[in-house]
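The structure appears below as structure tokens.
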Amino acid sequence: LDYAKLESVGLNLQYLDLNAVLAGIVANSKEEIEAAEGQIDIQEIPARILADESKIKQVFTNLIHNACKFKKEEEGLRIHINYRADEDFHFFSIQDNGIGVDPEFHERVFQMFERLHSDEYVEGTGIGLAICRKVAKLHGGDIKLISEAGTGALFVLKLPKTPDAFS
């Protein structure tokens, strides 16, 4: 239902201070991050980002929660969120030191209800990353995964800078 609502509700675009948005997400996820013995480093984002706040919160929340769920058992979780931009796009990299994803599954993880692990390993519905991709596409952007099994995951979220990209 959450996935289906994404398009029907439309985008409520506004310029966001993503530093504040991310600080709120980290504060709301504090227990989960602590349980994962986690540490999150966030590079300051110098630009205001044109986006739908509730939908962008979903993306970053899903990525942080996935990092917590798929951490390596033998070490504490480390997440790095970095920012860069070019003339047309904002790029956010969300990198963790978790269990990683074999390249053959990089596209599969963004499909609805696709799970690489059973409920015995980790709970979930298999829609979190599908929502992330849908939100990125609705904003005129995209999200990609770069990873190898055992080496952590790097998600790159690309969002346009200008409103004409949303039409």
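The values are calculated or read from the model by the stated rules, or taken from the named source; none is laboratory data. Only a predicted model underlies this, so the values are computations on that prediction, with no experimental measurement involved. Cβ coordinates were reconstructed from backbone atoms using ideal geometry, including for glycine residues, and neighbour counts include every protein chain displayed. These area figures cover heavy atoms from the full protein model, side chains too; ligands, DNA and RNA do not enter into them. Shrake-Rupley method; radii C 1.70, N 1.55, O 1.52, S 1.80 Å.
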Exercise for the section: First measure r as the distance between the Cβ atoms of ASN12 and SER93, then evaluate 1/(1 + (r/R0)^6) with R0 = 35 Å and state the FRET efficiency to the nearest 0.05. Expected result: 0.85
Handout entry: Accessible surface, the stretch 21-79, averaged per residue in Å² (probe 1.4 Å)
Key = 51
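Report the extension gain between SER54 and HIS80 in nm, rounded to one decimal, defined as 0.36 nm multiplied by the number of residues separating them, less their alpha carbon distance.
Contour length minus the Cα-Cα distance gives 7.2 nm.
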